[in-house]
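Participant: So that we are looking at the same thing, I have put the structure below in structure tokens.
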Amino acid sequence: MLVKACQRSVIQYVCRQKKRLSFARSRRTTIHIHNMPCEVTDRFLILYGSQRGQAQSIAEEICEQATEHGFTADIFCLSDVKKYNVDSETRPIVFVVSTTGDGDPPDTAQKFVKKIKNKSLPHDSFANLCYALLALGDTNYANFCNCGKTIDRRLQQLGAKHFYATGHADDGTGLEVVVDPWIEGLWEALKKTFANMSAADQQGAAHSDSFLKSPSGQEKNSSNLEVDLNLLKLSETDLPRESTPDCSQTETLIPLVASLKHSVAPLSESVLNVPALPPSYLEVILENQSVKEEMVPADKEGYHEVPVTKAVQLTRDDSVKTAILLELDVSEQNMAYQPGDSFDVLCPNRASEVEELLLRLGLQMRNNYAVQIHLLENTSKKAAKVPLHIPQGTSLQFILTWCVEIRSIPKKAFIRALADVTQDSSEKRRLLELCSKQGSADYNGFVRDANVCLLDLLRAFPSCLPPLNLLFEHLPKLQSRAYSAASSSLQHPGKVHFVFNVVEFPACPEHSARTGLCTGWLADHVSSIMVPTGMLTASECLDTSALPKVYVRPRPSSTFHLPADPSVPIVMVGPGTGVAPFIGFLQQREKEREVNQEVTFGETWLFFGCRYKEKDFLFREEVERFVQNGTLSHLIVCFSRDDETDAGEKVKRARYVQHNLLLHAKSVASMLLKDKGYLYVCGDAKNMAKDVNDTLLEIIGNELQLDKLETMKTVAGLREEKRYLQDIWS
Ligand code: FAD
Ligand code: NAP
């Protein structure tokens, strides 16, 4: 419902000049407080280790903001080992590192982590170092922020000191919840650090760590250094301000309920702290000439284009989700895999969305123009690079289809930049709100949690007209999606199967209903050959040259494989599509036994769960066959929404896999603790894997009569021995 009122939301922006003045003011404040000259020694180093670009973009944001706060930052990837030297570094260092896989360092940080983990390093190797560390992770996974924690722990052991408390940001709940206040507090901590360093210099105290001493002269335990909460309060002069709301503006409709497009009080009336405008750094030229031959980027990154020889809908039409099994013919490629491995699938952005984006940008007539990208001369962006994932000389259409993730959720820095190219003042104001500190809840609710993408913003804010360079500066690389092999190459030579649920995003006020990028595309792409379970399939009735094709590349797992010793028991837990790798395991064993009757396998348990026995019991016939021929010793299935027996009686049964684990607690504990068995968990990380983990703790605690801490240690021991293995995703 809307009411008429005087809109108090028109803002004016602080012009660059004014902003500069305000920063200069804040620098003067520093000079006044510390009564010392402002020197260009306020220089620090930013080192990042990034897998998918998140840590890098946060590091770059810190670098941008540094200038605004009067500092000079040098920024390097941890893999650029020739460009920095932590052994002799005396400037403060800010580390930003993510964690990948099962608590592993990102590829770019591997060398650095290996170097500092070297046991022969003297305990004071990094006594010269003062640093702050921002670790990124996801609490949906075990070993949260493990890479950051490892670097932190090791630097401490080697004598380095914190100048600011470590931040642990959780992608599960939203990185910005920790990242934003952490960065805000960083500037004050740096100011104090430089002031202390300078004071120490002036007093001739050459101890490089003197700035970490408390006023009483006692050295602080830097690892326990608390963040001063006041540090989190930014000086208002540091950021652009709005003008006082002007009630003389034309009367406008203002909403009672907030939405993506509109805010309500108090936000609509707040003074906003918005991030600094990210500096432009790319120049994009569209040339009306024939483009060079367009190679799907996949070709350069180890992908193979392979035919889809089968597409089977595994679920009934009336089931809650649609699960589809695909069979790919990989016989022409050298693509060996083991059950437990996954495959990366590269899919294009939706053609209709690319078209709409081109139309919206007014570039529909130039979609085939060749794109040339250069670094903008005199850009103030540090370490600016032309993005490697955007090839030169290819068409605009091609880049928007294969190179950038146009569905990605825009980060606050992107929204800030979009606000700058928005004509209408109330639209501009709303975009600024969404990226502001005060508008965090709105950003989370209307952008992040609603899975809003660039096009949704362009639809909601019609006067926003971003130039191409802005898009290429902010849209991340189009990522492949991983799928677990649901087959064994022993049983299906030259083929690989995988199974997926079509992800559905229901319609919401921010956008209409849509499917996940890859799963929706795959479902459409194979629709011409899709059959229900049990029917003749594509490879059996179609000319193979007419089959749909996909780009795939292997993604071997380091640990999620069958045990080397086949006689140890295994317990597999995989509800829904999480059963995929276990189908591969069981096919492998079925075939091994066919070839060699003598082979003996340990107890083999599968805990599977779905909603209804008749609608979404994936691979039902196959797993029942595994039971009949002895490949599977125990098949324990639960139906979460089916409480009727075959005779139509209502019964109370286990709902989820973890409830069945509890019902079989004695056997599970005995296999894991006495018989050195393996526990495998695959599927949803957000809820299922956590609940299964809690259940495992309960089972082990009860069995061994241990308290909580001892139980956790026992389970951690199973993980370390690689006998409790997870392949989970959220
Ligand atoms: P996107 O357009 O990328 O949307 C993803 C977003 O949708 C997520 O951010 C989340 O918010 C939401 N989302 C994702 N999945 C779901 C879901 N099931 N229900 C509701 N919302 C969801 N997936 C499989 O189906 N089968 C597999 O065998 C499989 N194996 C994997 C193996 C590995 C090693 C990894 C890392 C992931 C695996 N996944 C598997 C997940 C898969 O890679 C994709 O993330 C998933 O298919 C969604 O892709 P999409 O492009 O359709 O969704
Ligand atoms: P799903 O169909 O949504 O759910 C399967 C069953 O799990 C349903 O009966 C559901 O019950 C139940 N369930 C819901 N919450 C649960 C909980 N907390 N504990 C235990 N069971 C629970 O599952 P899915 O979509 O196939 O798979 C889940 C996810 O795993 C997907 O996101 C997929 O991408 C991912 N996946 C990852 C890998 C991998 O990392 N290797 C492999 C395969 C799949 P209700 O709905 O009735 O509550």
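The values are calculated or read from the model by the stated rules, or taken from the named source; none is laboratory data. Quick caveat: nothing in here was measured; it's all calculated off a predicted structure. Cβ: placed from backbone, ideal geometry, glycine included. Neighbour counts: every protein chain shown. Ligands, DNA and RNA are stripped out before the accessible areas are found, and what is left, the full protein with its side chains, is counted by its heavy atoms. Shrake-Rupley method; radii C 1.70, N 1.55, O 1.52, S 1.80 Å.
Participant: Only helices (runs of 4 or more DSSP H) wholly contained in segment 625-730 count here; list those with 2 or more residues that are more than 16 Å from ligand 2 (Cβ to nearest atom), open to solvent by 40 Å² or more (accessible area, probe 1.4 Å) and farther than 30 Å from Ser558 by Cα.
Facilitator: Fully inside segment 625-730 and qualifying: 688-704.
Participant: Can you list residue pairs whose Cβ atoms sit under 9 Å apart, with the first residue in segment 480-506 being without any contact (Cβ under 8 Å) to a residue 40 or more places away in the chain and within 25 Å of Phe617 (Cβ to Cβ) and the second being near ligand 1 (Cβ under 8 Å from one of its atoms) and open to solvent by 50 Å² or more (accessible area, probe 1.4 Å)? Count only pairs 6 or more apart in sequence or on different chains.
Facilitator: Val503/Lys321
Participant: Do we have any residue at all in segment 385-392 that's in a loop (DSSP other than H, G, I, E, B), touching a Cys at 6+ places or on another chain (Cβ under 9 Å), open to solvent by less than 50 Å² (accessible area, probe 1.4 Å) and within 24 Å of His525 (Cβ to Cβ)?
Facilitator: yes
Participant: Of all residues in segment 498-519 being open to solvent by 40 Å² or more (accessible area, probe 1.4 Å), over 30 Å from Gly584 (Cα atoms) and in a loop (DSSP other than H, G, I, E, B), which is farthest from ligand 2 (Cβ to nearest atom)?
Facilitator: Taking the candidates together, the pick is Pro509.
Participant: Identify all residues within segment 548-566 that are surrounded by 15 or more Cβ atoms within 10 Å (Cβ to Cβ), in a loop (DSSP other than H, G, I, E, B) and hydroxyl-bearing (Ser, Thr, Tyr); write none if there are none.
Facilitator: The answer is Ser557, and nothing else.
Participant: Can you go through Val531, Val499 and tell me which one is within 26 Å of Met335 (Cβ to Cβ), near ligand 1 (Cβ under 10 Å from one of its atoms) and not assigned by TED's automatic domain parsing to the domain that holds Ala413?
Facilitator: Val499
Participant: Sticking with this one: Name the one entry in Gly602, Gly609, Gly584 that is open to solvent by less than 50 Å² (accessible area, probe 1.4 Å) and more than 16 Å from ligand 2 (Cβ to nearest atom).
Facilitator: Exactly one residue qualifies, and that residue is Gly602.
Participant: Would you say Phe617 is in a loop (DSSP other than H, G, I, E, B), buried (at least 21 other Cβ atoms within 10 Å of the Cβ) and either away from ligand 1 (no atom under 16 Å from the Cβ) or of a type in the set (A, V, I, L, M) (or both)?
Facilitator: Yes; evaluated as a whole, the condition is true for this residue.
Participant: How about segment 305-322: which of its residues are open to solvent by 40 Å² or more (accessible area, probe 1.4 Å) and of a type in the set (A, V, I, L, M, F, W, C)?
Facilitator: Within segment 305-322, just Val320 meets the criteria.
Participant: Would it be correct to say that Pro348 is at pLDDT 95 or above, in a loop (DSSP other than H, G, I, E, B) and more than 16 Å from ligand 2 (Cβ to nearest atom)?
Facilitator: Criteria met by Pro348.
Participant: Do we find that Lys149 is free of Cβ contacts under 8 Å to residues at least 60 places away in the same chain, open to solvent by 70 Å² or more (accessible area, probe 1.4 Å) and touching a helix residue (DSSP H, G or I) at 6+ places or on another chain (Cβ under 7 Å) in this structure?
Facilitator: No: the conditions fail for Lys149.
Participant: Now, a different point. Mind listing whichever residues of segment 91-131 are surrounded by fewer than 23 Cβ atoms within 10 Å (Cβ to Cβ) and either closer than 23 Å to Asp171 by Cα or in contact with a Ser or Thr (Cβ under 6 Å, 6 or more places away or on another chain) (or both)?
Facilitator: Thr100, Gly101, Asp102, Gly103, Asp104, Asp107, Thr108, Gln110, Val113, Asn128 - these are the residues of segment 91-131 that are surrounded by fewer than 23 Cβ atoms within 10 Å (Cβ to Cβ) and either closer than 23 Å to Asp171 by Cα or in contact with a Ser or Thr (Cβ under 6 Å, 6 or more places away or on another chain) (or both).
Participant: If Gln587 satisfies all but one of (1) touching a Ser or Thr at 6+ places or on another chain (Cβ under 6 Å); (2) of a type outside the set (Ser, Thr, Tyr); (3) more than 16 Å from ligand 1 (Cβ to nearest atom), what's the number of the condition it fails?
Facilitator: (3)
Participant: Answer yes if at least one residue in segment 401-422 is in contact with a helix residue (DSSP H, G or I) (Cβ under 6 Å, 6 or more places away or on another chain), in contact (Cβ under 8 Å) with a residue 40 or more places away in the chain, open to solvent by 40 Å² or more (accessible area, probe 1.4 Å) and under 23 Å from Arg366 (Cα atoms), and no otherwise.
Facilitator: Within segment 401-422, one or more residues are in contact with a helix residue (DSSP H, G or I) (Cβ under 6 Å, 6 or more places away or on another chain), in contact (Cβ under 8 Å) with a residue 40 or more places away in the chain, open to solvent by 40 Å² or more (accessible area, probe 1.4 Å) and under 23 Å from Arg366 (Cα atoms).
Participant: While we're on this one: Starting from residues that are near ligand 1 (Cβ under 8 Å from one of its atoms) and in contact (Cβ under 8 Å) with a residue 40 or more places away in the chain, keep the ones in segment 509-518 and report whichever is nearest to Pro548 (Cα to Cα).
Facilitator: Ranking the qualifying residues of segment 509-518, first place goes to Cys518.
Participant: Here's something else I'd like to know. Please find, among Ala654, Ala665, Ala669, Ala685, the residue that is of a type in the set (Gly, Ala, Ser) and either within 16 Å of ligand 1 (Cβ to nearest atom) or at positive phi (or both).
Facilitator: Of Ala654, Ala665, Ala669, Ala685, the one residue that is of a type in the set (Gly, Ala, Ser) and either within 16 Å of ligand 1 (Cβ to nearest atom) or at positive phi (or both) is Ala685.
Participant: Within segment 156-166, is there a residue that is within 17 Å of Thr99 (Cα to Cα) and either hydroxyl-bearing (Ser, Thr, Tyr) or buried (at least 19 other Cβ atoms within 10 Å of the Cβ) (or both)?
Facilitator: yes
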